[in-house]
Amino acid sequence: MFTSADIGKWILLAAALGASTAMGEDLGPIQLQERNGAPFRDLSPLELQRFQDGRVDFQSPISIEMGSGPGLNKSNCGSCHGTGTIIGGPGVIQVTLFGAEDKGSFIGLEHLGGPVFQLNSISSECHEELPPEATIIENRVTLGALAYGLVEAIPDAELHALEDPMDADGDGISGRVHVVESLEAPGVPRAGRFGWKAQIATILTFSAEAAVGEMGFTNRLVPEETAPNGDELLLAECDTVADPEDGPDGDGLHFIDRVTFFQRYLAPPPQTPRTGMAGQVIFNDIGCAKCHTPTFTTPNDPTLEAALRNREFHPYSDFLLHSMGLLTDGIRQGDAMETEMRTPPLWGLRWRDPMLHDGRAAGGTFISRTTVAIQEHGPFGEGAASAAAFDALSAEDKAALFRFLDSLGRNEFDYDGDEDVDLDDFQAFKACFDAGVAITPEDTCAIGDIDQDGDIDMTDADYFMQAYDGTIEDCNENGLNDLIEILQGTVTDADGDGEPDECFCLGDINEDNIVDGVDLSAILGYWNTTNPSVDLDENGLVDGADLAILLGEWGACD
């Protein structure tokens, strides 16, 4: 999980080196990509503060005293919208929707509290039950809010330019924009882009609707509660806080404003390597990019914040509705029909579990989940041709495709994929540095080839140090970064601890730069055990030989 210190660090990570990829594509000036769940690095101090404040609210529970309930799913946004330490990412929680079928059409059963079923309540008396009239019950995995500001900034006209509702070009793809209205501008048609049915056009509308639908927290845009199972008398008994429950703070901002700022300023997930992978060519060739549009660029609009303006980003989605055959939820929302779903962005795919709207691709490995997700696009609907083309790929081409998809959401230099850049990643980077061989985007070493010039060299090392989450040390006090010295071979690091061997004092178990009674106590405390931290001769046993080594090193370390 990143901290305020990390945020400040990332803001300073701008660099200005020109580079070109191994595939000959000019990358222009290089900047480290923002991390998963991080803010844009180009935010102003006020914008960064709003991001931080909104992030706190996003994770903080709305209490009953504040107005949560009477029905709710979770008490805070982050419970649903987050993966591990990536606050604001897609989650594992599923929201239940219910309705009924009437002559082939979906009925939302609003008079019975539908279509969103609130799983929890502030008391047993206020609890909602799935009504017996509900003949359609479907679950949806909660989506992430990463880079919502960029998605919101896509002009409506650009999304309309992508739609082909009558499949005029005959390619089997007939996506269309879901035209909706925002709560803050009723009567003004907008291109929907958020939600599984593209039923929401703006972040503020999303925040306001989710506050009530998921947490029972009324606000200026949605000032009334949803009655449990539509029972207004029960609502009157259960709703003890005056509506709207969300009010302004000292700066005039409401809860829905603050969490909107957080989502607006979340950066997009990184893609590493950034370009040149053979799998992306395969992705295009089998038709995935017809719906999963790789790239958008926001307008150079002075009304947008600088961090959102004229920015190229890679969501791998067209944000349109497509008829998906069996890969649907049978729910109608607005003008989105039962068989239609919005193309979900693929950024951050590598750490998504589960996948697909109902989580049917879950568990196992990344490859097994992704395989299920692709195959579920057939045998009917607009994704069927791509699913069939995937099945026909050779094992080699499938492996290349998976390598590309696994790049969507990988932090730069994060070789082990654990969302940080630490000593383990340094050792992997050093192995690539020492190898001295030509690197292609298909190679694991490409995770550290930030300038994509086909090698791991000191230019990449400089960026590695910017990305490194550990402490940069100079144990021998020669004015040089220890890791750089180890990398260049001017010092040795036989035990791989990231410190030059010349700084290591063998008997200094607690690493306080002196061998004394504390270290002796450690030896005696683990006597005749196999504890490796005090087994100085590494023979598998803490014994007299280790004691002799310690006594021989007694005193201050050189």
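For segment 440-497, give me each residue that is β-branched (V, I, T) and farther than 22 Å from D416 by Cβ. Write out each step before concluding.
Our first condition is that a residue be β-branched (V, I, T); within segment 440-497, this holds for 440, 444, 447, 450, 456, 459, 471-472, 484, 486, 490-492.
Selection gives T459, T490, V491, T492.
For segment 332-390, name all the residues that are closer than 14 Å to F283 by Cβ and hydroxyl-bearing (S, T, Y).
Across segment 332-390, the qualifying residues are T343, T370, S386.
One line per residue, one yes/no per condition, for (1) of a type in the set (F, W, Y); (2) in contact with a strand residue (DSSP E or B) (Cβ under 7 Å, 6 or more places away or on another chain):
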position: A395; (1), (2): no, no
position: S407; (1), (2): no, yes
position: F413; (1), (2): yes, no
position: V421; (1), (2): no, no
position: F433; (1), (2): yes, no
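Of (1) farther than 30 Å from L321 by Cβ; (2) at pLDDT 95 or above; (3) surrounded by fewer than 21 Cβ atoms within 10 Å (Cβ to Cβ); (4) not aliphatic (A, V, I, L, M), F402 satisfies all except one. Which?
Going through the list (1) farther than 30 Å from L321 by Cβ; (2) at pLDDT 95 or above; (3) surrounded by fewer than 21 Cβ atoms within 10 Å (Cβ to Cβ); (4) not aliphatic (A, V, I, L, M), F402 breaks only (1).
How many of the residues in segment 403-451 are assigned to a loop (DSSP other than H, G, I, E, B) and among the aliphatic types (A, V, I, L, M)?
Filtering segment 403-451 for residues assigned to a loop (DSSP other than H, G, I, E, B) gives 407, 409-422, 436-443, 449-451.
Add one more test, that the residue is among the aliphatic types (A, V, I, L, M), and what stays is 421, 437-439, 450.
Final tally of qualifying residues: 5.
Could you list all residues from segment 468-518 that are charged (D, E, K, R) and modelled with pLDDT of 85 or more? Talk me through it step by step, then tell me what you get.
Here is the first cut: in segment 468-518, the ones charged (D, E, K, R) are 469, 473-474, 477, 482, 485, 493, 495, 497, 499, 501-502, 508, 511-512, 516.
Answer for segment 468-518, where residues must be charged (D, E, K, R) and modelled with pLDDT of 85 or more: D469, E473, D474, D482, E485, D493, D497, E499, D508, D516.
Out of curiosity, is G364 on the phi > 0 side of the Ramachandran plot and surrounded by 21 or more Cβ atoms within 10 Å (Cβ to Cβ)? If you could, list the steps in order and put the result at the bottom.
Values: on the phi > 0 side of the Ramachandran plot: yes; surrounded by 21 or more Cβ atoms within 10 Å (Cβ to Cβ): no.
The answer is no for G364.
Among the residues of segment 152-172, is there at least one that is assigned to a loop (DSSP other than H, G, I, E, B) and either of a type in the set (S, T, Y) or closer than 23 Å to G113 by Cβ (or both)?
In the first step, residues of segment 152-172 are kept if they are assigned to a loop (DSSP other than H, G, I, E, B); the result is 154-155, 163-172.
Going one step further and asking which of them are either of a type in the set (S, T, Y) or closer than 23 Å to G113 by Cβ (or both), we end up with none.
No, there is no match, as no residue in segment 152-172 is assigned to a loop (DSSP other than H, G, I, E, B) and either of a type in the set (S, T, Y) or closer than 23 Å to G113 by Cβ (or both).
How about segment 83-105: which of its residues are modelled with pLDDT of 90 or more, under 18 Å from D358 (Cα atoms) and in a strand (DSSP E or B)?
Across segment 83-105, the qualifying residues are Q94, V95, T96, L97, F98, G99.
Here are E305, E312: which of them is surrounded by fewer than 19 Cβ atoms within 10 Å (Cβ to Cβ), touching a strand residue (DSSP E or B) at 6+ places or on another chain (Cβ under 7 Å), within 23 Å of A38 (Cα to Cα) and modelled with pLDDT of 95 or more?
Values: E305 fails: touching a strand residue (DSSP E or B) at 6+ places or on another chain (Cβ under 7 Å).
Every option except E312 fails the conditions.
Step by step: first the residues of segment 316-334, then only those that are of a type in the set (S, T, N, Q) and part of a loop (DSSP other than H, G, I, E, B), then the one that is modelled with the highest pLDDT. Which residue is that? If you could, list the steps in order and put the result at the bottom.
Taking segment 316-334 and keeping what is of a type in the set (S, T, N, Q), we get 317, 323, 328, 333.
Then drop every residue that is not part of a loop (DSSP other than H, G, I, E, B), which leaves 317, 328.
Details: S317: 98, T328: 94.
Checking each candidate, the answer is S317.
Quick one: in segment 457-495, which of the residues that are of a type in the set (G, A, S) and assigned to a loop (DSSP other than H, G, I, E, B) is farthest from I439 (Cα to Cα)? Walk me through it before giving the result.
Within segment 457-495, the first condition is being of a type in the set (G, A, S), and the residues that meet it are 461, 467, 470, 479, 489, 494.
Going one step further and asking which of them are assigned to a loop (DSSP other than H, G, I, E, B), we end up with 470, 479, 489, 494.
Working: G470: 26, G479: 32, G489: 21, A494: 26 Å.
Per the criteria, the residue is G479.
State the number of residues belonging to segment 267-277 that are surrounded by 22 or more Cβ atoms within 10 Å (Cβ to Cβ) and either without any contact (Cβ under 8 Å) to a residue 40 or more places away in the chain or out of contact with any helix residue (DSSP H, G or I) (no Cβ under 7 Å at 6 or more places or on another chain) (or both).
Result for segment 267-277: 4.
Sort through F117, F98 and tell me the only one that's closer than 20 Å to T218 by Cα, of a type in the set (A, V, I, L, M, F, W, C) and free of Cβ contacts under 8 Å to residues at least 60 places away in the same chain. Before you say what the answer is, go through the steps one by one.
On the way: F98 fails: closer than 20 Å to T218 by Cα.
On inspection, the qualifying residue turns out to be F117.
Could you please find all residues in segment 163-206 being touching a residue at least 60 places away in the same chain (Cβ under 8 Å) and either polar (S, T, N, Q) or more than 20 Å from V151 (Cβ to Cβ) (or both)?
D171, G172, I173, S174, Q199
Suppose we filter G540, G507, G498, G454 for residues that are in a loop (DSSP other than H, G, I, E, B), touching a Gly at 6+ places or on another chain (Cβ under 9 Å), on the phi > 0 side of the Ramachandran plot and not charged (D, E, K, R); which single one remains? Give the steps one after another, and end with the answer.
On the way: G540 fails: touching a Gly at 6+ places or on another chain (Cβ under 9 Å); G507 fails: on the phi > 0 side of the Ramachandran plot; G454 fails: touching a Gly at 6+ places or on another chain (Cβ under 9 Å).
Criteria check complete, one pass: G498.
Counting only residues that are assigned to a strand (DSSP E or B) and out of contact with any Lys or Arg (no Cβ under 8 Å at 6 or more places or on another chain), which one in segment 180-212 is surrounded by the fewest Cβ atoms within 10 Å (Cβ to Cβ)? Walk me through how you get there before you give the answer.
As a first pass, look at segment 180-212 and keep what is assigned to a strand (DSSP E or B): 180-182, 185-191, 194, 200.
Narrowing further to those that are out of contact with any Lys or Arg (no Cβ under 8 Å at 6 or more places or on another chain): 185-191, 194.
Details: A185: 13, P186: 8, G187: 6, V188: 9, P189: 13, R190: 19, A191: 20, F194: 22.
The qualifying residue surrounded by the fewest Cβ atoms within 10 Å (Cβ to Cβ) is G187.
State whether the residues of segment 248-266 include one that is surrounded by 15 or more Cβ atoms within 10 Å (Cβ to Cβ), in contact with a His (Cβ under 7 Å, 6 or more places away or on another chain) and assigned to a loop (DSSP other than H, G, I, E, B).
Going through segment 248-266, the residues surrounded by 15 or more Cβ atoms within 10 Å (Cβ to Cβ) turn out to be 253-266.
When the remaining residues are screened for being in contact with a His (Cβ under 7 Å, 6 or more places away or on another chain), the result is none.
No - not one qualifying residue is present in segment 248-266.
Across segment 214-247, what is the number of residues that are out of contact with any Gly (no Cβ under 6 Å at 6 or more places or on another chain), in contact (Cβ under 8 Å) with a residue 24 or more places away in the chain and not in a loop (DSSP other than H, G, I, E, B)?
Qualifying residue count for the region: 6.
The values are calculated or read from the model by the stated rules, or taken from the named source; none is laboratory data. Being a predicted model, the structure only gives us computed values, none of them experimental. As a convention, Cβ positions derive from the backbone with ideal geometry for all residues, glycine included, and neighbour counts pool all protein chains shown.
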